[in-house]
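Novice: Submitted below is the structure of interest, expressed as structure tokens.
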Amino acid sequence: MLKIKDLVVKVEDKEILKGVNLEVNTGEVHAIMGPNGSGKSTLANVIAGKEGYEIVSGEIWYKDINLLELPPEERAKLGIFLAFQYPVEIPGISNATLLKTAINEIRKARGEEELDAMEFLSLMREKMKLLEMTEEMLSRSVNAGFSGGEKKRNEIFQMLMLEPKLAVLDETDSGLDIDALKIVANGVNLLRQDMSDRAIIVVTHYQRLLNYIIPDFVHVLYNGRIVKSGNKELALELEAKGYDWLKSEDKVTV
Amino acid sequence: MAEIIIKKNKIDVSEWYLKNFEILEQHNNGSIPDFIKTIKKISLQKLIDIGFPTQKVEDWKYTNIIQIIEKNFKPSNLTEYWKNSEIIEKSKRAIESDQIISNLSSLQLVFIDGHFIEQLSNAQKSQNLELLPLQKALKEKTEIIQNHFNKYAQIENGFNALNNLFFSDGILLNVKDNTIEDEPIVVIFIQSGEEEQIINPRNLIVVGNNSKARVIETFISLKNIPNFTNTITEIFISENSFLEHFKFQNESLSSYHIGKIQTQLEKNSNFTSHNFTFGGLITRNDINIVLDGEGAESHFYGLYFVKDKQHVDNHTLVDHAKPHCLSNEFYKGILAENSRGVFNGKIIVRKGAQKTNAYQSNKNLLLSGNAKIDTKPQLEIFADDVRCTHGATVGQIDEDSLFYLRSRGIDEKNARSLLVNAFANEVLYNMTFEPLRNKVSDFVIEQMNQILQKLDK
């Protein structure tokens, strides 16, 4: 589904990703772990198409489509979704307006009919219930005045509404207490119920989210490169040993 | 072009207006009430004395009005296009297709080139609500006219004096005590554009005790040629009453518009103003209020969305004359292309006006590198127990918000439009009259789409 080849990315003349290789197949859940500043968020943002990154070399292929040539909205229409580490507050646009516009644009791109107001409302109600959200948030402005936990929950709500093919979750666990973490993980696992045309990438600093979203593969991104890959046991090993353990191994890998 | 004489702080009134005033006097042939004659006489002298402001005058620092004075605008009192059935028909269609004012209310007064057009109006009135053209009121409602007309608006500049000399028509609205009028009163001023004219609309609104009403003033033009609208609305609100006023400046992009709204508030009354500027080449609004009774409250909301070479200047003055009053002001501006904006928010807290609460905020969104805004709060506080806050911001469309929306599948253009609309919504949320709010919101989206389409070309 997703193939990243030798990706080198600079931000303001500084090389952040120094040759990332990653392959994610349909049906798989991958976790990308790593210490702060290792390039995790850069990778997530580049997949989603954020501007301000210089792609020095390398390729990103999504279902045989060259992603790097597409603006973010086209990527979204192809089914790529980024759950933001820091969801943006947009006063003046309600959550309902955002979702309705987004869903209908994506449906239009897929050649499907737009949802009418009733269909849309009942779909929203159904998903909100799953995430234990109250209906009043629909008329509230996007993330405006939301607590950290509410913002992250709102990201997962949007994800469930948009039903992406490739979901990238950028540190969705940061700033969450254990109850919120469980609700968010539960949301992701709902998406996981049907993985027939879907893959999920979970970017995280800590292992604890992976207790609830159990990955098929774990990669360690360190200093702009994936230095180690393994199964879920790798996450536990990192938890026990810390990232320092990799720093010493860094030189022998690759 | 008129020959004009520019001195340091003053542009002398041109022969053109003096000559036309003489013609008008002969034309009226003594048919106006004596006290109006007196007002005109004083105003004429004042006009000769003070002339029109240059940019050396602090309140006009950013707005150059020379091109308005240079033009020989024909006073619409002396033209008769308003009698032409084709123009009346055209006006009717313009009203029906107007995105903002069409189908808003059953109470509607229409003026073409400053003249009342009975066949397009519906001034159906009850015992508790007098609504009629001002010219008619000058003859029939002498008591209320003598008590209130020209009692609040001072001559602050030559334009105000010019209105006193040349005012043609407008409305008298008298809401009597204990009257709640739910139907909005729509007042439409149309520039026919058949000639380069000046119209001087004049309105007087008087609200009695324990009453409530809503007035929507709108200005449109039929043609895109230079016209000049110079308007004054005076408002008096008695105890425990509420008036909500809307103004839409939606004239052509060649129009000049100078407007003043002067309000006097009595005890425990409330005035809410919504001031929208979308049209006009040069627009200057002065919105002034005196909170002259304890417990009075004023809310000023404004939105200007301009493009091309438009220039919009909003000057507001909130005068806290009595203690325990509240004033709240929130103006937002969206400036595209080569447009320019000016915001000046003056708050005076008089000696003894203790426990005053005054809030002011002006936020601006620049959509182009060539757009410009000058924004200034001006606080003059002579009491010690007051709470005043003010703030101003100038910014561009937030790139992170833009990416957020695009990452959800929304096209860049659409996303920009949504963000501009969101910016406007923050001020539109204060319109409790929902049908109008939805219309204005749609209008803002359409304005934005037009600007974005131009960028594509």
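Novice: With θ taken as phi - 60° and the coefficients 6.51, -1.76 and 1.60, list the Karplus ³J(HN,Hα) couplings across the stretch A:41-58 in order, rounded to whole Hz; mark glycine and proline as x.
Specialist: 5, 4, 4, 4, 5, 5, 4, 7, x, 5, 7, x, 10, 9, 7, 6, 7, x
Novice: According to the square roots a ≥ b ≥ c of the eigenvalues of the Cα gyration tensor, what is the shape class of the stretch A:1-100, taking rounded for a/c under 1.5, prolate for a/b larger than b/c otherwise, and oblate for the remainder?
Specialist: prolate
Novice: Find out how many positive minus negative residues lie around A:Ile90, taking Lys and Arg as positive, Asp and Glu as negative, among other residues whose Cβ is under 10 Å from that of A:Ile90.
Specialist: Surrounding charge for A:Ile90 is -3.
Novice: Going 7 Å from the Cα of B:Thr389 in the Cα-to-Cβ direction, what parts of the stretch B:310-330 have a backbone nitrogen less than 18 Å from that spot?
Specialist: B:325-330
Novice: Using +1 at the Cβ of each Lys and Arg and -1 at the Cβ of each Asp and Glu in the protein assembly as shown, identify which of B:Phe189, B:His299, B:Ile6 lies farthest towards the dipole's positive end.
Specialist: The residue sitting most towards the positive pole is B:Ile6.
Novice: List the residues of the stretch B:391-413 for which accessible area in the full set of protein chains is at least 20 Å² lower than for the chain on its own; 1.4 Å probe, protein heavy atoms only.
Specialist: B:Asp400, B:Ser401, B:Phe403, B:Tyr404, B:Leu405, B:Arg406, B:Ser407, B:Arg408, B:Gly409, B:Ile410, B:Asp411
Novice: I've got another one for you. How big is the stretch A:95-253 on each of its three principal axes, counting only the C-alpha atoms and giving the largest first in Å?
Specialist: The Cα atoms of the stretch A:95-253 stretch 58, 34, 25 Å along their principal axes.
Novice: Here's a follow-up. Total Å² of accessible surface buried at the A-B contact, 1.4 Å probe, nearest 100?
Specialist: Using a 1.4 Å probe, the pair buries roughly 2100 Å².
Novice: How much of the accessible area of the stretch A:29-71, probe 1.4 Å, is carbon plus sulfur, in whole percent?
Specialist: Roughly 46 percent of what the probe reaches on the stretch A:29-71 is carbon or sulfur.
Novice: Continuing with this model, one more query. Have a look at the stretch A:74-93 and report residues whose accessible surface goes down by 40 Å² or more when the remaining protein chains are included, against the chain on its own, probe 1.4 Å, ligands and DNA/RNA excluded.
Specialist: A:Phe84, A:Val88, A:Ile90, A:Gly92, A:Ile93
Novice: Over the stretch B:398-457, what is the relative contact order in whole percent, taking alpha-carbon pairs under 8 Å and six or more residues apart?
Specialist: Computed over the stretch B:398-457, the figure is 30 percent.
Novice: While we're on this one: Enumerate the amide H contacts of B:Asn364 below 5 Å, restricted to partners 5 or more residues apart or on another chain; note that Pro and chain-start residues carry no placed amide H.
Specialist: Amide H neighbours of B:Asn364, under 5 Å, 5+ apart: B:Gly333, B:Thr393, B:Val394, B:Gly395.
Novice: Would you kindly derive the ³J(HN,Hα) couplings of the stretch A:88-100 from the backbone phi angles with the Karplus curve 6.51 cos²θ - 1.76 cosθ + 1.60 (θ = phi - 60°), listing them in order in whole Hz, with x for Gly and Pro?
Specialist: Each residue of the stretch A:88-100 in turn: 7, 8, 10, x, x, 10, 7, 4, 5, 4, 4, 5, 5 Hz.
Novice: Calculate the FRET efficiency for B:Ile445 and A:Asp116 from the Cβ-Cβ distance with a Förster distance of 22 Å, rounded to the nearest 0.05.
Specialist: 0.60
Novice: Once the Cα gyration tensor of the stretch B:102-153 is found, what semi-axes does its equivalent ellipsoid get, as square roots of 5 times the eigenvalues, in whole Å, sorted largest first?
Specialist: Semi-axes (√(5λ), whole Å): 22, 14, 11.
Novice: OK, next. Quick one: Karplus J couplings for the stretch A:80-85, per residue in order, coefficients 6.51, -1.76, 1.60, θ = phi - 60°, nearest Hz, x for Gly and Pro?
Specialist: Taking θ as phi minus 60°, the curve returns 8, 9, 10, 8, 6, 5 Hz for the stretch A:80-85.
Novice: Can I ask one more? At 1.4 Å probe size, what's the solvent-accessible area of B:His27? Round to the nearest 10 Å².
Specialist: 120 Å²
Novice: Of the trypsin sites (Lys or Arg not before Pro) in the stretch A:23-70, which ones lie in a loop per DSSP and count no more than 15 other C-beta atoms within 10 Å?
Specialist: A:Lys63
Novice: For the protein assembly as shown, divide the Cα radius of gyration by the Kirkwood radius and give the resulting Rg/Rh value with two decimals.
Specialist: That ratio equals 1.09.
Novice: Shifting gears a bit: State, in angstrom, two size descriptors of the stretch B:398-457 derived from its alpha carbons: Rg to one decimal place and Dmax to the nearest whole number.
Specialist: In Å, with Rg to one decimal and Dmax whole: 12.6, 38.
Novice: Same structure again: Accessible area of the stretch A:95-254 with a 1.4 Å probe: how many percent of it is carbon plus sulfur?
Specialist: So the carbon and sulfur contribution to the accessible surface is 49 percent.
Novice: Enumerate the lysines that B:Lys83 could reach by cross-link, defined here as Cα to Cα under 16 Å, with residues fewer than 8 away along the same chain left out.
Specialist: In chain and number order, the partners are B:Lys92.
Novice: Can you pull the percent of the stretch B:416-457's accessible area that's carbon plus sulfur, 1.4 Å probe, other chains left in place?
Specialist: Ligands and nucleic acids excluded, carbon and sulfur reach 49 percent.
Novice: For the stretch B:5-292, state what percent of all Cα-Cα pairs lands in each successive 5 Å bin, counting from 0 Å until the bin that includes the largest distance.
Specialist: Per 5 Å bin, starting at zero, the Cα-Cα P(r) for the stretch B:5-292 comes out as 1, 5, 13, 17, 20, 18, 14, 9, 4, 1, 0 percent.
Novice: Between B:Gln124 and B:Asp374, what's the calculated FRET efficiency when r is the beta-carbon distance and R0 is 60 Å? Round to 0.05.
Specialist: The pair B:Gln124/B:Asp374 has a calculated efficiency of 0.85.
Novice: Let's see if you can work this out: charge +1 on each Lys and Arg Cβ, -1 on each Asp and Glu Cβ, no other charges. What is the dipole magnitude of the stretch B:5-292 about its Cα centre, in debye to the nearest 20?
Specialist: Value, rounded to 20: 540 debye.
Novice: OK, next. Using a probe radius of 1.4 Å on heavy atoms only, what accessible surface per residue do you get for the stretch B:417-457? Whole Å² is fine.
Specialist: It amounts to 48 Å² per residue over the stretch B:417-457.
Novice: Roughly what % of DSSP beta bridges within the protein assembly as shown run antiparallel, to the nearest 5?
Specialist: About 20 percent, rounded to the nearest 5.
Novice: How much area per residue is accessible in the stretch B:5-292 when the probe is 1.4 Å and only protein heavy atoms are counted (Å²)?
Specialist: Accessible surface, normalised per residue, equals 37 Å².
Novice: In square nanometres, what is the average projected area of the Cα convex hull of the stretch B:98-210?
Specialist: If you wrap the Cα atoms of the stretch B:98-210 in a convex hull and average its projections, you get 8.4 nm².
The values are calculated or read from the model by the stated rules, or taken from the named source; none is laboratory data. Note that the coordinates shown come from a computational prediction; the quantities given were computed from them, not determined experimentally. Positions of Cβ are generated from backbone atoms using ideal geometry, with glycine treated the same way; all protein chains shown enter the neighbour counts. Keep in mind that these areas ignore ligands, DNA and RNA; they rest on the heavy atoms of the full protein, side chains included. Shrake-Rupley method; radii C 1.70, N 1.55, O 1.52, S 1.80 Å.
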